[in-house]
Amino acid sequence: MRKYGIKVLLGFLIGFAIGWFFWSQSRPLVKYRETNEIGDITVSIDVCVPQGEDTRKIARILDDVWQLKREILTRMSPLATQSDLSKVNSSYKNPQKISEDTYRILQQAIRFKDITRGAFDIGGGNLVELWKRCERQNRLPSEQEILEAKSASRTSSLKFLLGNRVEIVHPAMRIDLGGIASGYAVDQAVKLLQKKGVRNFLIDADGDMYASGQNCSRKPWTIAIRNPTDRSKIVDVIQVSNMSVSTSGGLESGYTIAGQRLSHIINPLTGVPQKQVASATVIAPTTFENDALARAVCVLNPKQGPSLIDSLGGQYACIIISKEKNGNLVFHKSRNYAFYQIKNLKR
């Protein structure tokens, strides 16, 4: 009799759990959004919550997310005097101890230099400084200046020591993490949200996105790819779930010298701003690697970029948009891009 009672109770609990699951799945989802400025980055987070649910719990979780992102971006800022990046850039003949995650990010970034055959390189901080200085002086840098800046950019000049210590062995070398610090911060925010039980959300940090779970219509997240020459127009639409999407391009921001507009993305192989790619959108499992890859395919020949992305496996995809001299846009897609693409979009 006792066993029978246990079986009845167990059956009731299972039935209740199944009923609760289907009931919760049938409740409409509504969007809860928060936006914050962190340094020079605008970050928005959309969370899909069941209609009628108290959003104060989500708000408290997002408070933790904002704090985490600020800590990471401050630690990796090139402007804060005591940041890890500032310590790295002042480590010539003076090894510096940095946080474990910054140490790991530097190592991973150098791995992506090898993967991209030098198209992505964190060692080009002095090239960026050179072009900024020349913009202020309204002149193009000389070939000699570019050669000197490139010679100081070799990441072999960055030494990794025990105890999370690093040392620069070239006095002019400067590390530039670019967007990968923001990408790493997005990935850590994703982990925190999912650890707290939040499954359906979209993070957008100035074009560095991560789409988790489903949108509020219980479908994969829909992301528009805009015309790089006219942001009011959409040229394609993709759907993703539990993936990162990053867009990089040089037309919206960059250097203006002698009336000429130049991309802000410096080709580490040539030392000059890239010219061929108007924008590149990459789909990848993490935002950190996405940032590195999106910048790399902006630097590469538009036909080389898809080949690089294809070589990484089935989860990776890209669309690269180049601009011809007559102003026409040309679309270069990786092999797996069609998997994410919404078909029959009229351009």
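Points to keep in mind about this one:
- Some residue of the range 248-263 being surrounded by fewer than 20 Cβ atoms within 10 Å (Cβ to Cβ) and at pLDDT 90 or above: no
- Qualifying position, being in a helix (DSSP H, G or I), at pLDDT below 90 and out of contact with any helix residue (DSSP H, G or I) (no Cβ under 7 Å at 6 or more places or on another chain), among 88, 128: 128
- Residue that is farthest from residue 265 (Cα to Cα), among those in the range 315-331 that are in contact (Cβ under 8 Å) with a residue 24 or more places away in the chain and surrounded by fewer than 20 Cβ atoms within 10 Å (Cβ to Cβ): 315
- Residue within the range 73-82 that is of a type outside the set (D, E, K, R) and in a helix (DSSP H, G or I) present: yes
- Pick from the range 114-139, criterion crowded, with 18+ Cβ neighbours inside 10 Å and in contact with a Phe, Trp or Tyr (Cβ under 6 Å, 6 or more places away or on another chain), ranking: farthest from residue 299 (Cα to Cα): 131
- The selection criterion, being assigned by TED's automatic domain parsing to the domain that holds residue 91, surrounded by 17 or more Cβ atoms within 10 Å (Cβ to Cβ) and β-branched (Val, Ile, Thr), does not hold for residue 175.
- Test: residue in the range 247-258 that is over 22 Å from residue 132 (Cβ atoms) and touching a residue at least 12 places away in the same chain (Cβ under 8 Å): yes
- Residue check: residue 122 meets all listed conditions (1) more than 21 Å from residue 244 (Cβ to Cβ); (2) part of a loop (DSSP other than H, G, I, E, B); (3) of a type in the set (A, V, I, L, M, F, W, C) but one, namely (1).
- Picking from residues in the range 154-163 that are in a loop (DSSP other than H, G, I, E, B) and free of Cβ contacts under 8 Å to residues at least 40 places away in the same chain, the one that is surrounded by the most Cβ atoms within 10 Å (Cβ to Cβ) is 154.
- For the residues 142, 151, the requirement of being without any contact (Cβ under 8 Å) to a residue 40 or more places away in the chain, outside the structural domain of residue 242 (by TED's automatic domain parsing), over 23 Å from the mean Cα position of the chain (by Cα) and surrounded by fewer than 13 Cβ atoms within 10 Å (Cβ to Cβ) singles out 142.
- Every pair of residues 6+ apart whose Cβ atoms lie under 8 Å, when the first sits in the range 73-93 and is aromatic (Phe, Trp, Tyr) while the second is surrounded by fewer than 15 Cβ atoms within 10 Å (Cβ to Cβ): 92/169; 92/171
Yes/no matrix, rows are residues, columns are (1) over 16 Å from residue 118 (Cα atoms); (2) out of contact with any strand residue (DSSP E or B) (no Cβ under 7 Å at 6 or more places or on another chain):
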position: 258; (1), (2): yes, yes
position: 305; (1), (2): no, no
position: 331; (1), (2): yes, no
position: 336; (1), (2): yes, no
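- Checking each residue in the range 203-227 for being assigned to a strand (DSSP E or B) and of a type in the set (Ser, Thr, Tyr) picks out 210, 212, 222.
- Pairing each residue of the range 265-278 that is not assigned by TED's automatic domain parsing to the domain that holds residue 321 and of a type in the set (D, E, K, R) with any residue that is at pLDDT 90 or above and in a loop (DSSP other than H, G, I, E, B), provided the two are 6+ apart or on different chains, yields no C-beta distance under 6 Å.
- Pairs meeting the criteria (first residue in the range 110-127 and closer than 16 Å to residue 290 by Cα and in the same structural domain as residue 153 (by TED's automatic domain parsing), second residue among the basic types (Lys, Arg) and surrounded by fewer than 24 Cβ atoms within 10 Å (Cβ to Cβ), beta carbons under 7 Å, at least 6 apart or on different chains) are 120/113; 121/113.
- Of everything in the range 135-153 that is within 22 Å of residue 295 (Cα to Cα), part of a helix (DSSP H, G or I) and not acidic (Asp, Glu), the residue that is modelled with the lowest pLDDT is 151.
- Of all residues assigned to the range 228-244, none qualifies as being closer than 30 Å to residue 154 by Cα and in a loop (DSSP other than H, G, I, E, B).
- Within the range 258-281, being in a strand (DSSP E or B) and touching a Pro at 6+ places or on another chain (Cβ under 9 Å) holds for 262, 263, 266, 277, 278, 279, 280.
The values are calculated or read from the model by the stated rules, or taken from the named source; none is laboratory data. Everything quoted here is computed from the prediction, not taken from an experiment. Glycine also receives a Cβ, built like all others from the backbone with ideal geometry; neighbour counts cover every protein chain displayed.
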